[in-house]
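Asks: Handing you a structure now.
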Amino acid sequence: MIYPVHPENPEILSKGFKQITFNVNNESRTVDVFPMARLLDVLREQLHLTGTKEGCGEGECGACTVILDGQIVNSCLVPIAQVNGSNITTIEGVAHDDQLHTVQQAFIDHGGAQCGICTPGMVLAAVDLLNRNPEPSEAEIRSGLAGNLCRCTGYMKIFESVVRAYQK
C-alpha cells in the first residue's frame, strides 16, 4: 500500500519513506514512498495513471509495460527507488495534442484492442519496436511483442495492427 506523505512531516520520512523524483510523460513528479514500492503501484495509486494495468504481478504478461529511459520494462518488477531521475512513458503519454499515436489508431482501426488489459502494454511494445525498427518483418514483430500476453485473441489482429501502423 502506498501512503501519501507530506515533506513537512519528518516523522513519516523517518519511518522509511524516501522522496523520489522522476519524469512521467514529460512531467516532473516527486513522490514520498517506501523505496521498494512497485513502480506500477505508484503510477496507478499515487499518480492516477491507471492505463498501466496489472495482469500477473510477476513480470510474465506485459500488461504493466512502460518505457523507462528508452527501454520497455514490466513496472510490476521495478522498485520505485530505481527510477529516481529517470524518464518514464506510460500509455497516457503516447498520444500527443489530442492525436492518437499511429499504433493506437491502428489498434482501433484493425481490431488489435480487445478487452483492454493487454492493450496498453502491447501498444507500448509496438511503439518501442517501431522506434527501433520502422519496418519490421513478421518475425521481428512477433519477437518485439513476445513479452506481452493476450488471452482474448490469436494475436493476428494485433500483428496486423502493428503492420498497418508502420505502413502509414
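Asks: Among the residues of the range 83-93, which ones are open to solvent by less than 80 Å² (accessible area, probe 1.4 Å) and not in a helix (DSSP H, G or I)? Before the answer, list the steps.
Replies: Keep residues of the range 83-93 that are open to solvent by less than 80 Å² (accessible area, probe 1.4 Å), which gives 83, 85-86, 88-93.
Selection gives GLY85, SER86, ILE88, THR89, THR90.
Asks: Which condition breaks for ARG151 when tested against (1) without any contact (Cβ under 8 Å) to a residue 60 or more places away in the chain; (2) open to solvent by 50 Å² or more (accessible area, probe 1.4 Å); (3) under 28 Å from GLU45 (Cα atoms); (4) part of a helix (DSSP H, G or I)?
Replies: Among (1) without any contact (Cβ under 8 Å) to a residue 60 or more places away in the chain; (2) open to solvent by 50 Å² or more (accessible area, probe 1.4 Å); (3) under 28 Å from GLU45 (Cα atoms); (4) part of a helix (DSSP H, G or I), the lone unmet condition for ARG151 is (4).
Asks: Based on what the data block shows, is LEU77 in contact with a Leu (Cβ under 9 Å, 6 or more places away or on another chain), closer than 21 Å to GLY121 by Cα and open to solvent by 70 Å² or more (accessible area, probe 1.4 Å)?
Replies: It is true that LEU77 is in contact with a Leu (Cβ under 9 Å, 6 or more places away or on another chain), closer than 21 Å to GLY121 by Cα and open to solvent by 70 Å² or more (accessible area, probe 1.4 Å).
Asks: Given the conditions (1) in contact (Cβ under 8 Å) with a residue 12 or more places away in the chain; (2) outside any helix (DSSP H, G or I), and given that SER28 satisfies all but one, which numbered condition is not satisfied?
Replies: (1)
Asks: Restricted to the range 31-47, and to residues that are outside any loop (DSSP other than H, G, I, E, B) and open to solvent by 30 Å² or more (accessible area, probe 1.4 Å), which residue is farthest from ASP97 (Cα to Cα)?
Replies: ARG38
Asks: Here's another thing I want to ask about it. Name the residue, out of LYS168, LYS157, that is loosely packed, with under 14 Cβ neighbours inside 10 Å and in contact (Cβ under 8 Å) with a residue 12 or more places away in the chain.
Replies: Checking each option against the conditions leaves just LYS168.
Asks: May I pose another question? Quickly run through the range 114-126 and pick out the residues that are surrounded by fewer than 22 Cβ atoms within 10 Å (Cβ to Cβ) and under 16 Å from the mean Cα position of the chain (by Cα).
Replies: Scanning the range 114-126 gives GLY116, ILE117.
Asks: Please list, ordered by first then second residue, the pairs with beta carbon atoms under 9 Å, 6 or more apart or interchain, first in the range 128-139 and assigned to a helix (DSSP H, G or I), second polar (S, T, N, Q) and open to solvent by 70 Å² or more (accessible area, probe 1.4 Å).
Replies: Sorted first by the residue in the range 128-139, then by its partner, the pairs are ASP128/GLN71; LEU129/SER143.
Asks: Sticking with this one: Scan the range 94-103 for residues that are more than 18 Å from VAL24 (Cβ to Cβ) and open to solvent by less than 50 Å² (accessible area, probe 1.4 Å) and report the count.
Replies: Within the range 94-103, residues that are more than 18 Å from VAL24 (Cβ to Cβ) and open to solvent by less than 50 Å² (accessible area, probe 1.4 Å) number 1.
Asks: Next up: Determine whether ILE72 is open to solvent by 30 Å² or more (accessible area, probe 1.4 Å) and in contact (Cβ under 8 Å) with a residue 60 or more places away in the chain.
Replies: yes
The values are calculated or read from the model by the stated rules, or taken from the named source; none is laboratory data. All figures in this text were calculated on a predicted structure; none of them were measured in a lab. Note that we place each Cβ from the backbone using ideal geometry, even for glycine, and neighbour counts take in every protein chain shown. SASA here: full protein model, heavy atoms, side chains in, ligands and nucleic acids out. Shrake-Rupley method; radii C 1.70, N 1.55, O 1.52, S 1.80 Å.
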